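Take a look at the structure below.
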Amino acid sequence: MNALEIAARVRSGERSAVSVTEEALTAIAARNGELNVFVHVEGESALERAAAVDAAVAAGRDPGILAGVPVGLKDNLCQTGVPTTCGSRILSGWRPPYTATAVERLLAAGAVPVGKTNMDEFAMGSSTETSAYGPTRNPLNPTRVPGGSSGGSAAAVAAGMVPVALGSDTGGSIRQPAALCGLVGIKPTYGLVSRYGLVAFASSLDQIGPLARSVADAAASLEAIAGHDPRDSTSLPGPAPALIAHLDQGVAGRRIGIVRELVEGADPEVVAAVAGAAEVLAAAGATLSEVSIPELRLGLSAYYLIAPAEASSNLARYDGVRFGLRVAGSDITEMYVATRTAGFGAEVKRRIMLGTYALSAGYYDAYYGQALKVRTVMIEAFERAYASADLLLGATAPSEAFALGAKVSDPMAMYLSDVFTIPTNLSGHAAISVPFGSGASGLPLGVQLLGPARSEERLVAAAAVVEAGRGVPGA
Amino acid sequence: MVVGLEVHTELLTASKMFCSCANAFGAEPNTQVCPVCLGLPGSLPVLNARAVELAVAIGTALHSRVGASTFHRKNYFYPDMPKDFQISQYDRPINEGGYLDLSDGSRVGIVRAHLEEDTGKSTHLGGTGRMHDAERSLVDYNRAGVPLVEIVSEPDMRSPEQARLYVAELRAILIATGASDGRMEEGSLRVDANVSVRLPGAPLGTRCEIKNLNSLRSLQRAVAYEAERQIELILAGGQVRQETRHWDEGSGETSTMRVKEEAEDYRYFREPDLTDLVPDPAMIARIRDGLGPMPAQRRAALASLARGAVVPGDVLDAVVGAGLDGFVEAAVARDVEATVALSRAANELAGLDGPGQVRPDAFAEVLAREAAGTLSATQAKAVLAELVRGGGEVAEIVERRGFAPMNADDLSGTVSQAVAEHPDEWARYRAGEDKLAQFFVGVVMKATRGRANGQQVLAELESRR
Amino acid sequence: MSELTRDDVAKVARLARLHLTEEELDRFTGQLAQVLDHANDLRALDLTGVAPTAHPVDLGTVVRADEVRPGLVRDAFLSAAPQPEDGRFAVPRILGEEP
Ligand SMILES: [Zn+2]
């Protein structure tokens, strides 16, 4: 059942939130051992919260638009008292004493968080294989990865454990797993959703967003968590956009550019999917054209300097002093080194070192400084494209879900799987991945719609058109 | 000798720089902390508007260019620093340039005065209690995130005395702007001195940075010691190493803390969790217009009240430092000598607790009565002390304490009694032994328990002689 | 080719407070060099006069009112700390000085 259907039935009293939650917990128990989706299940408190939702309904109060909807939370979102590990040993056992704004808003909308989903360590990865708690498997084919870094959230929805989950997207970490698991995933405009309580990977790129089985569920979830938050200085002013109200607005008269650089190098099935989605959009009244934005080719290199640079600083605080893991040392520096060496996995160490190097004296201008200028160039290129297009269309990922272990030992190959999603993070713009078509092995593919800042209303309307035109949903 | 100073001042805000925890000294350890100032994963900073205003006030008072600025992260590992980076300002500080005029007539250039956050505090346990031989340290983050402004001077000072004058003047300005309480001993004002020596006209020598200067006296002594040390080293054929040195107040010496072998690599980069800080021109104008005269002008104005009489500099400093200008002016308006008003204000009101409950008009009333002879100096001080403690009306206090002058008949009667009780002394006095007048004043004072006015007693004695 | 050396990687690991084995040092040097080589397409660009973008949105000055709100109860974070002692966080002895 989809989230909005559940909420409608819970609000009408037709179903109890407790029974919905019990079902979700049963579904998790059935497949979590096989798939390793949830690193922590919050059964008791979920049932208590569901009972509170039922009590509100019984008392005639409206529990909110996500009343009784079980949700999964990526394990980098803080919820008071609930373990939050970011897929890292260094945070094992850490229970934050506060709750992220996005989670608070989900709770205020009546949703029922049922646990924390597995992720690449500190969101650094594209396959959910770098987690210290073992890889997550793709529910559609357990020999394949679910994508990453929000692979646990994607697998939780794809396995039918929850209808909606929150993820975070720094370079494609919502959209790419959504594509690989046959889901809808939204990377909102930077600042639309508060980052307060999201454990930082790369602060100028991170955004929280939903993964869901339908555009409507994703839109409703985003609407619930978006809007200004005074606790995040980079939060955009104003309330959440009216996404549900725009779902059936269609694309008639919209100018949509198919971006060559967001398709090139992809598998033939992916290229075909993008072409198919373009036909659907054209049939619905949009004007399609091919565009080229060569500057996007610079995105990957810029991203792999900027994101590690910010991460190297954001991850300094994992030092064994205040929280999480400590490995003893005879003096403070030995303790720092012992703790961080034991607590971080190889991918995190690689990126910390890459970022430290890019910021260090003598290399700053050549690497980090130059990447910031490239970012300017890319943003300007996007803006030129948006002067003649309302939305852009491309692939989400270059291929369908790949096999576990296929890329984990080759960092550069792994990094290339984010090549189509990274530019939007650098520009701060919005994008959505919608399932469309299937790959050589019959696994789902995703197409990506991109829009300028705060274009979420337009994006969900267009995504709904693609969704309606894709034939049989899911795989 | 060449001296440049870096002064850190904590700002007098209610809350911390980037979170809503209280900015207060002396609370139980780790009770004024939140996810932000503990650097917990997922927390984010939000800038305190008042800290910006106080930084603008400091910049304006120092004649700096106040303008658009950005925050950077300064990355280094240290347990006092919860995020293992400090949010500071780097290439675009809020205040750039400016100067400070010292009371010796010299001018010291200001490089910058930028905003940054304070660190927590460690207590070292085991060993001798110093950091290096401690067995372990305990960290308290109450101070972490307290707003600071760091004021960096040009290397324009040439003597320990100038260094002292600079900090004294800067301290007065910080207090006058309301930015700081200026308490060096509590650490809300901290000074690091960069000292080098050279032959006149030669390029700057290698400098050493001296830390742990907790008072103006320490600063002056440490700079003098350090310059002397460097000169002796060079004269003996040695070379000054660039290093950080620790001032030990007890031994009166500086010693090596840390040698800068390789330049620190702080990997500064823009703080992505904060936006640009572009102070609103209207806010800058409002602060500039509200600043009022700075200490140097106020000292000059007070000194001019004395119409040529010499007023010690420390008296003016004390009065201006405690913001008592209005008290002195009120007293002078009642025809009290400015020198008396200034010294009474400096000595009786500018102490640790400040003027307390006393109002300028009450202060003026007490001094006017003293000038008119109806209160003795001792009585005037006693009345002021009571006003400082609890306020109230001067007339009421004078009456209650029995300081009201005696009427002429009572005084005359008391003098007659004193003469009758001491016939020998009276005879000697009448025979011309003048110094016995004081003897009789004492007797009368004792009898009246201080209520009699000494001048009136003398007049009465003279009239009977 | 990037000029990244094994010594650079060792130095960066020290800055980042990480210990690398000899084998890791070799492997990471190769992997990081590969990423930096990829970044050489950026270094080759002439971007003189282009302003850097450190942040995707320009929101202007964002401040909050200077108001005190209650923070955390000490027990909420200290009891789970690696080494709480006497209301504070204990750490082994500090050899380096505060910069
Ligand atoms: Zn705080």
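What follows draws every value from the coordinates through simple rules; no lab data is involved. Fair warning: this is a prediction, and the values are worked out from it, not measured in the lab. Please note: Cβ atoms are built from the backbone with ideal geometry, for glycine as well, and neighbour counts cover all protein chains shown.
Candidate cross-link partners of A:LYS74 among the lysines, defined by an alpha-carbon separation under 21 Å and a same-chain spacing of 8 or more, comprise A:LYS116, A:LYS187. Taking 7 Å steps out from each Cα toward its Cβ at B:ASP335 and A:MET412 produces label points 9.6 nm apart. Each semi-axis of the equivalent ellipsoid for the stretch B:352-456 is √(5λ) with λ an eigenvalue of the Cα gyration tensor; in descending order they amount to 34, 13, 11 Å. Counting, for every residue in A:403-412, the Cβ atoms of other protein chains within 10 Å of its Cβ and taking the mean gives 1. Working ranking of peptides A:33-46, A:168-181 by packing, defined as the average number of other Cβ atoms within 10 Å per residue, highest first, is A:168-181, A:33-46. Here the calculated FRET efficiency for B:ALA300 and B:LEU233, from their Cβ-Cβ distance with R0 = 30 Å, stands at 0.10, rounded to the nearest 0.05.
Only the Cβ atoms of Lys and Arg (+1) and of Asp and Glu (-1) were treated as charged; on that basis the dipole of the stretch B:293-377 about its Cα centre amounts to roughly 140 debye. Look at the stretch C:34-46: the mean tally of other chain Cβ atoms within 10 Å of its residues' Cβ atoms is 6. Working note: Cα gyration tensor of the stretch A:3-246, eigenvalues times five, square-rooted, sorted largest first, giving semi-axes of 24, 21, 17 Å. Count Lys and Arg as plus one, Asp and Glu as minus one, and take only other residues whose Cβ is under 13 Å from that of A:PRO135; the net charge is then -2. Considering only C:ALA51, C:ALA33, C:ALA81, the mean-square fluctuation computed in a Gaussian network model of chain C, springs between alpha carbons under 10 angstrom, is largest for C:ALA81. Label point of A:ARG454 set 7 angstrom out along Cα-Cβ; within the stretch A:238-259, amide nitrogens under 15 Å from it belong to A:238-243. For the stretch B:408-464, the convex hull spanned by the alpha carbon atoms encloses 67 Å³ per residue. Amide H contacts under 5 Å for B:MET157: B:VAL3, restricted to partners 5 or more places along the chain or on a different chain, H placed in the peptide plane at 1.01 Å from N.
Rounded to the nearest 20 debye, the dipole size of chain B about its Cα centre is 220 debye, using +1 on the Cβ of Lys and Arg and -1 on the Cβ of Asp and Glu. As a ratio to 2.2 N^0.38 Å, the alpha-carbon radius of gyration computed for chain A takes the value 0.91. When the Cα atoms of chain B are aligned to their principal axes, the ranges along those axes come out at 90, 55, 48 Å in descending order.
Let's test the formula: R0 of 41 Å, r as the Cβ-Cβ distance of B:ARG241 and A:GLU383. What FRET efficiency results, to the nearest 0.05? For B:ARG241 and A:GLU383, the calculated efficiency is 0.15. Here the 3J(HN,Hα) profile of the stretch A:297-307, calculated from phi with Karplus coefficients 6.51, -1.76 and 1.60 at θ = phi - 60°, is 5, 7, x, 4, 5, 5, 4, 6, 10, 5, 4 Hz, Gly and Pro shown as x. Ranking B:PRO82, A:PRO135, A:ALA51 by how far each Cα lies toward the positive end of the dipole of the protein assembly as shown (charges on Cβ) leaves A:ALA51 at the top. Within the same chain, lysines fewer than 8 places from A:LYS407 are excluded, and of the rest, those with a Cα less than 22 Å from its Cα are A:LYS349. The mean number of partner chain beta-carbon atoms within 10 angstrom of a residue's beta-carbon across peptide B:79-86 is 6.
Choose one of A:ALA283, A:PRO188, A:ALA440: the residue whose Cα lies farthest towards the positive end of the charge dipole of chain A (beta-carbon charges +1 Lys, Arg; -1 Asp, Glu; about the Cα centre). Projecting each Cα onto the dipole axis, the largest value belongs to A:PRO188.
Kirkwood analysis of the Cα pair distances in the stretch A:1-42 returns a hydrodynamic radius of 11.4 Å. Dipole of the stretch B:408-464 computed with +1 at Lys/Arg Cβ and -1 at Asp/Glu Cβ about the Cα centre; of B:ALA418, B:LEU461, B:GLY450, farthest Cα towards the positive end is B:GLY450. Rg and Dmax of chain C, both derived from C-alpha coordinates alone, stand at 22.4, 57 Å. Assign one of three labels to the stretch B:21-156, namely rounded, prolate or oblate, based on the Cα gyration tensor with a ≥ b ≥ c the square roots of its eigenvalues; rounded applies when a/c is under 1.5, prolate when it is not and a/b is larger than b/c, and oblate otherwise. Since a/c reaches 1.5 and a/b is larger than b/c, the shape of the stretch B:21-156 is classed as prolate.
Under 5 Å from the amide H of B:GLU253 lie the amide H atoms of B:ASP248, each residue being 5 or more positions distant or on a separate chain, with H modelled from the backbone and absent for Pro and chain starts. Model label points for B:ALA404 and A:GLN249, set 7 angstrom from Cα along the Cα-to-Cβ axis, are 8.6 nm apart. Using alpha carbons only, the radius of gyration of the protein assembly as shown set against its Kirkwood radius gives Rg/Rh = 1.11.
Taking the Cα centre of the protein assembly as shown as origin and assigning +1 to Lys and Arg Cβ atoms and -1 to Asp and Glu Cβ atoms, the resulting dipole is close to 400 debye.
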